């Protein structure tokens, strides 16, 4: 056994950090400078869901599945986002919806049974963290999770899920597609809305997974209720961020935009360290995520991460 080392799993933060499509740019300014005042003091104004960050249940829902009001950041246990962990390498293609089959395949390759995940932090390495940038490729065309993956995490009673993608849901399950009061239905690389691009590439039936009206039109209300009805029963729009809500509504918290040197711990077990700000009535928080791991267990063939966005 070697000594314990700490692997950073966090994207570096700056005023120019890539951010979700309708989030405002962080503003970082200096109140004091060393030359003038003898101290450096900076201030920041930004959305707490910028860069590597965590979500609390209240971020996406009013009521959890137990019928109680959805909890704020300060109401979550202090260790909600940390614990024994495993990093699952997910083999999913561009824009692909991650299913139970993907997760179970990743478990086999990590030599862990799904039943062993109870109480653990599950980190997903899809490779998207390597594409972290202000780009359509990272935000629009990422692979991502949905209702099936969310229910899988609930079934196996995981503690927290940290994903290296833009959200805890596939892009088309978010407001980037045709979901939510803030729906954007953003334009893709072709100039057409990404919903239309997806239909052209994968077909209407595949797209229906992300659109309540389309799902009911193609499969019927009974089929919709069978898949999304538990969310509708607690006042949630079924196809709008269902993985978020399945997880958070059952007390499984999540981390988005996991990054840094994630490849160094891919397929490995370690201790995941992550603490949000103790924000009263918060909906989430920027976080520093770190893997505590035996140095002999780190993937040795992985170079230190070099970030190229922002001109560096």
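The values are calculated or read from the model by the stated rules, or taken from the named source; none is laboratory data. Everything quoted here is computed from the prediction, not taken from an experiment. Because the Cβ atoms are built from the backbone with ideal geometry, glycine has one as well, and the counts that use them run over all protein chains shown.
Before we move on, is residue 175 outside any helix (DSSP H, G or I), surrounded by fewer than 24 Cβ atoms within 10 Å (Cβ to Cβ) and under 15 Å from the mean Cα position of the chain (by Cα)?
Working: outside any helix (DSSP H, G or I): yes; surrounded by fewer than 24 Cβ atoms within 10 Å (Cβ to Cβ): yes; under 15 Å from the mean Cα position of the chain (by Cα): yes.
Yes; evaluated as a whole, the condition is true for this residue.
Can you name the number of the only condition in (1) over 20 Å from residue 206 (Cα atoms); (2) at pLDDT below 95 that residue 180 fails?
Result: residue 180 passes all but (1).
Quick check on residue 217: is it within 19 Å of residue 21 (Cα to Cα), out of contact with any strand residue (DSSP E or B) (no Cβ under 7 Å at 6 or more places or on another chain) and free of Cβ contacts under 8 Å to residues at least 24 places away in the same chain? Walk me through it before giving the result.
Values: within 19 Å of residue 21 (Cα to Cα): no; out of contact with any strand residue (DSSP E or B) (no Cβ under 7 Å at 6 or more places or on another chain): yes; free of Cβ contacts under 8 Å to residues at least 24 places away in the same chain: yes.
It is false that residue 217 is within 19 Å of residue 21 (Cα to Cα), out of contact with any strand residue (DSSP E or B) (no Cβ under 7 Å at 6 or more places or on another chain) and free of Cβ contacts under 8 Å to residues at least 24 places away in the same chain.
How many of the residues in the range 267-282 are surrounded by fewer than 18 Cβ atoms within 10 Å (Cβ to Cβ) and part of a loop (DSSP other than H, G, I, E, B)?
7
State the number of residues belonging to the range 71-107 that are part of a loop (DSSP other than H, G, I, E, B) and either over 17 Å from residue 165 (Cβ atoms) or touching a residue at least 60 places away in the same chain (Cβ under 8 Å) (or both). Show your work before the answer.
To start, the set of residues in the range 71-107 that are part of a loop (DSSP other than H, G, I, E, B) comprises 71-72, 76-82, 90-96, 99.
After this cut, where a residue has to be either over 17 Å from residue 165 (Cβ atoms) or touching a residue at least 60 places away in the same chain (Cβ under 8 Å) (or both) as well, the list is 71-72, 76-82, 95.
Selection size over the range 71-107: 10.
Quick one: residue 22 ticks every box in (1) in contact with a strand residue (DSSP E or B) (Cβ under 8 Å, 6 or more places away or on another chain); (2) closer than 20 Å to residue 282 by Cα; (3) at pLDDT below 95 except a single one, so which number is it?
Every condition holds for residue 22 apart from (1).
Go through the range 112-163 and report how many residues are more than 19 Å from residue 271 (Cβ to Cβ) and assigned to a strand (DSSP E or B).
Residues meeting the conditions: 2.
Quick one: is residue 254 outside any loop (DSSP other than H, G, I, E, B), in contact with a helix residue (DSSP H, G or I) (Cβ under 7 Å, 6 or more places away or on another chain) and within 22 Å of residue 84 (Cα to Cα)? Outline the logic, then answer.
Numbers: outside any loop (DSSP other than H, G, I, E, B): yes; in contact with a helix residue (DSSP H, G or I) (Cβ under 7 Å, 6 or more places away or on another chain): yes; within 22 Å of residue 84 (Cα to Cα): yes.
Judged against the criteria, residue 254 is a match.
Identify all residues within the range 26-55 that are within 24 Å of the chain's Cα centre (by Cα) and either assigned to a loop (DSSP other than H, G, I, E, B) or more than 30 Å from residue 154 (Cα to Cα) (or both); write none if there are none.
Taking the range 26-55 first, the residues within 24 Å of the chain's Cα centre (by Cα) are 26-27, 44-55.
Selection gives 26, 27, 44, 45, 46, 47, 48, 49, 50, 51, 52.
If only one of 19, 58 is in a helix (DSSP H, G or I) and either under 20 Å from the mean Cα position of the chain (by Cα) or surrounded by 19 or more Cβ atoms within 10 Å (Cβ to Cβ) (or both), which one is it? Let's see the steps before the verdict.
On the way: 19 fails: in a helix (DSSP H, G or I).
Going through 19, 58 in turn, just one is in a helix (DSSP H, G or I) and either under 20 Å from the mean Cα position of the chain (by Cα) or surrounded by 19 or more Cβ atoms within 10 Å (Cβ to Cβ) (or both): 58.
Can you find, within the range 233-251, the residue that is surrounded by the fewest Cβ atoms within 10 Å (Cβ to Cβ) among those that are assigned to a loop (DSSP other than H, G, I, E, B) and touching a strand residue (DSSP E or B) at 6+ places or on another chain (Cβ under 9 Å)?
First, the residues of the range 233-251 that are assigned to a loop (DSSP other than H, G, I, E, B): 234-241, 249-251.
Okay, now just the ones that are also touching a strand residue (DSSP E or B) at 6+ places or on another chain (Cβ under 9 Å), so 234-236, 249.
Numbers: 234: 16, 235: 9, 236: 21, 249: 23.
Only one residue tops the list, namely 235.
Given the conditions (1) part of a strand (DSSP E or B); (2) touching a residue at least 24 places away in the same chain (Cβ under 8 Å); (3) within 24 Å of the chain's Cα centre (by Cα), report the number of the one that residue 5 does not fulfil.
(3)
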